[in-house]
Each structure stands twice: as structure tokens, then as C-alpha cells.
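The values are calculated or read from the model by the stated rules, or taken from the named source; none is laboratory data. These numbers come from a predicted model, not from an experiment. Here the Cβ positions follow ideal geometry from the backbone for every residue, glycine too, while neighbour counts run over all protein chains shown. For accessibility, only protein heavy atoms count, side chains too; no ligands or nucleic acids. Shrake-Rupley method; radii C 1.70, N 1.55, O 1.52, S 1.80 Å.
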Amino acid sequence: MRGPIAPPQVPLAASRAEVFADLVQDSVERLERRWPQLADIDFLVLEVPRLEGSGDQVAWADDAVPLGGVIPARDGRRARVVVYRRPVEIRTKGRDERAALVHEVVVEQVAELLGLTPETVDPRYGED
């Protein structure tokens with residue numbers, strides 16, 4: 001039998017970056033049901049965090065690689081929540097573990113942005 005194995009709209013293999021972005025989007029959709037104002041926030045996936053400073057001064061404030069970050073709204077730009085793909089992937093072994101950590105990172109960053117505790121943003125935070 002000749003022809004495509006799957007219809008064109010069904011990807012046969014999604015890249016790791018696409019799968020990761022889907023995990024972030026799933027997490028955001030879970031939270032938007034409870035927090036509709038999240039529709040006004042941009043959620044981004046970046047490969048790795050950018051180093052601050054230069055030379056011997058290059059380091060993150062707490063000497064640990066961040067898993068996510070927040071960029072507050074300013075100058076007409078919407079607030080942004082960033083999840084760093086590579087640091088999260090390195091700390092997880094499988095898809096379920098990765099999905100749980102992605103959700104934790106998203107909840108923590110949303111909580112920081114909204115000035116709330118992670119448990120307020122998602123009452124199931126930390127249960128995994």
C-alpha cells in the first residue's frame with residue numbers, strides 16, 4: 001500500500017520543543033479556567049535562561065539555573081511568563097514527570113506575577 005501513513009494534519013513525530021510547548025500550553029489552559037486574567041499574559045518557552053553580567057560576574061543570583069521567569073508588563077507590552085525548556089528537561093526523566101514539573105514552574109511564575117502563593121493559584125500545587 002502506497003501513500004501517507006497518517007493524514008497531513010496529524011504529525012507523525014513532534015519535536016521535543018513542540019511537545020514541551022504543548023505541556024506549557026496544557027498547564028496554562030488548566031489555570032485559565034480558574035484565572036481568566038491569564039489570557040492577558042504571554043507564555044513563552046525559551047531553550048535556556050540568559051546569563052546576567054559578564055566575565056567572572058556571570059552567574060544567576062542564587063547560583064542555580066532558573067526553570068522559569070517573569071517579565072512584568074511595561075511600555076505597552078503584556079506581562080510574560082517564561083519556562084526554560086532545557087533546564088526542565090534535564091531534571092526530568094519521563095513525560096509525566098516533565099508535565100508535572102512544567103506545571104509547577106508555570107504555577108510558581110503565575111503566582112509571582114499575581115502576587116499570590118502557588119497554593120492559591122493552584123490548590124493542588126505540591127501534591128505531585
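Of everything in segment 79-99 that is assigned to a helix (DSSP H, G or I) and aliphatic (A, V, I, L, M), the residue that is least open to solvent (accessible area, probe 1.4 Å) is Val88.
Cβ-Cβ distances below 6 Å connect the following pairs, each with a first residue in segment 101-128 that is closer than 21 Å to Leu44 by Cα, a second residue that is aliphatic (A, V, I, L, M) and not in a helix (DSSP H, G or I), and a separation of six or more residues or different chains: Val105/Leu67; Val105/Val83; Gln109/Val70; Gln109/Val81; Glu112/Val70; Leu113/Val70; Leu113/Ala79.
Looking at Glu104, is it touching an Asp or Glu at 6+ places or on another chain (Cβ under 9 Å) and either in a loop (DSSP other than H, G, I, E, B) or crowded, with 16+ Cβ neighbours inside 10 Å (or both)?
Working: touching an Asp or Glu at 6+ places or on another chain (Cβ under 9 Å): yes; either in a loop (DSSP other than H, G, I, E, B) or crowded, with 16+ Cβ neighbours inside 10 Å (or both): yes.
Against the criterion (touching an Asp or Glu at 6+ places or on another chain (Cβ under 9 Å) and either in a loop (DSSP other than H, G, I, E, B) or crowded, with 16+ Cβ neighbours inside 10 Å (or both)), Glu104 qualifies.
Each row is one residue, and each column tells you yes or no for (1) touching a strand residue (DSSP E or B) at 6+ places or on another chain (Cβ under 9 Å); (2) at pLDDT below 65; (3) of a type in the set (A, V, I, L, M); (4) open to solvent by less than 50 Å² (accessible area, probe 1.4 Å).
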{"position": "Arg16", "(1), (2), (3), (4)": "no, no, no, no"}
{"position": "Asp26", "(1), (2), (3), (4)": "no, no, no, no"}
{"position": "Arg34", "(1), (2), (3), (4)": "no, no, no, no"}
{"position": "Val48", "(1), (2), (3), (4)": "yes, no, yes, no"}
{"position": "Trp60", "(1), (2), (3), (4)": "no, yes, no, no"}
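Sub-8 Å Cβ pairs linking a first residue in segment 36-48 that is over 19 Å from Ala64 (Cβ atoms) to a second residue that is open to solvent by 80 Å² or more (accessible area, probe 1.4 Å) and not β-branched (Val, Ile, Thr), at least 6 apart or interchain, are Asp40/Arg78; Ile41/Arg78; Asp42/Arg78; Phe43/Gln25, ordered by first then second residue.
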